[in-house]
Amino acid sequence: MKIEQIKRPWIKEGQLRYNKDAFYQSQEWKRTKQSFKLGVTELPNGTVVSNTMCIECYKEGKIKAGHSIDHIVRIKDGGSRTDHSNLQNLCEHHHAVKSAKEVQL
């Protein structure tokens, strides 16, 4: 069986798909992710949402587990690496959509 690569328009030719930044393999990041998942996020309307859920799905009225902890403001754009106020949990779909938009900026 032949497996074909999917073309991802937000990834430039020759660019690695995954970020190889050593920070994402560090104990600091692993501890930050663990502690973030134990907390909650308060939405502007006062609703409190568990950090184990995809925040964007919840805003759309769906209940779905998050797949990856994402930096709201990218680190390279000045966002904090470990501050919980700069983190959100997203499902695969919403993470891909956000990543695609960021590349276009």
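The values are calculated or read from the model by the stated rules, or taken from the named source; none is laboratory data. As the structure is a prediction and not an experimental result, all values here were calculated from the model. Because the Cβ atoms are built from the backbone with ideal geometry, glycine has one as well, and the counts that use them run over all protein chains shown. When the accessible area is computed, the model is the full protein with side chains, heavy atoms only, and any ligands, DNA or RNA have been set aside. Shrake-Rupley method; radii C 1.70, N 1.55, O 1.52, S 1.80 Å.
Please name all residue pairs, on different chains or six or more residues apart, with Cβ atoms under 8 Å, provided the first residue is in the stretch 34-46 and is under 15 Å from D70 (Cβ atoms) and open to solvent by less than 50 Å² (accessible area, probe 1.4 Å) and the second residue is in a helix (DSSP H, G or I) and aliphatic (A, V, I, L, M). Cβ pairs passing all conditions: T41/I55.
In the stretch 84-105, the qualifying residues are those that are of a type in the set (A, V, I, L, M) and surrounded by 19 or more Cβ atoms within 10 Å (Cβ to Cβ), and the one that is farthest from the chain's Cα centre (by Cα) is L87.
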